[in-house]
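Reading through the structure tokens given below for one structure.
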Amino acid sequence: MPTSPLVQQRYGVSSDLFVSRKPEGETIILGGKGRDGNLWTRVLTRRAAQVLWFTLTGLLFPERAQTVTAIAVTAPLRNQKQPTVTSHVEVARTADGFVEVIGWAGTETWWVRLPEGEARSLWTKLDIALYPVGWEGRTKTARSGAG
């Protein structure tokens, strides 16, 4: 667990993750069940969600990361006018095999710890929300499950 005093919301080991795209804007909703089954949700900028996806790609799929991330379109950084929207994330693998995510939303921070399987599930859900067109063939139709 991070010891930084910046972390204000600690969700702990989480499961049942979900990711959805808000139709009216450039934000992504991320959430799940934290310790003791408590539900949590966070709003991320598209850029923060892409940083999370990009970093998870390198951690979880190192052999394909360069190829996959090279073809992904990224969003520009934006002026943060919404202090409750997560605009930056950092991701790290711990010595005991978990993936930890810390997000910054204005002056607030949040932290979540994911088992390997949940981290892979999160990557898949982010991939669908951020890049709804399939990687293979890159067609113009959205793949099923896009949120």
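Tabulated data for the structure shown
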| item | result |
| --- | --- |
| Residue count, region 13-26 (criterion: modelled with pLDDT of 90 or more and not in a loop (DSSP other than H, G, I, E, B)) | 7 |
| Identity of the residue in region 75-112, touching a Gly at 6+ places or on another chain (Cβ under 6 Å) and modelled with pLDDT of 80 or more, that ends up farthest from G31 (Cα to Cα) | V89 |
| Residues of region 45-63 that turn out to be assigned to a helix (DSSP H, G or I) and either under 18 Å from R21 (Cα atoms) or β-branched (V, I, T) (or both), as a count | 11 |
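The values are calculated or read from the model by the stated rules, or taken from the named source; none is laboratory data. These figures come from a predicted structure and were not determined experimentally. Neighbour counts are summed over all protein chains in view; Cβ atoms, including those assigned to glycine, are modelled from backbone coordinates with ideal geometry.
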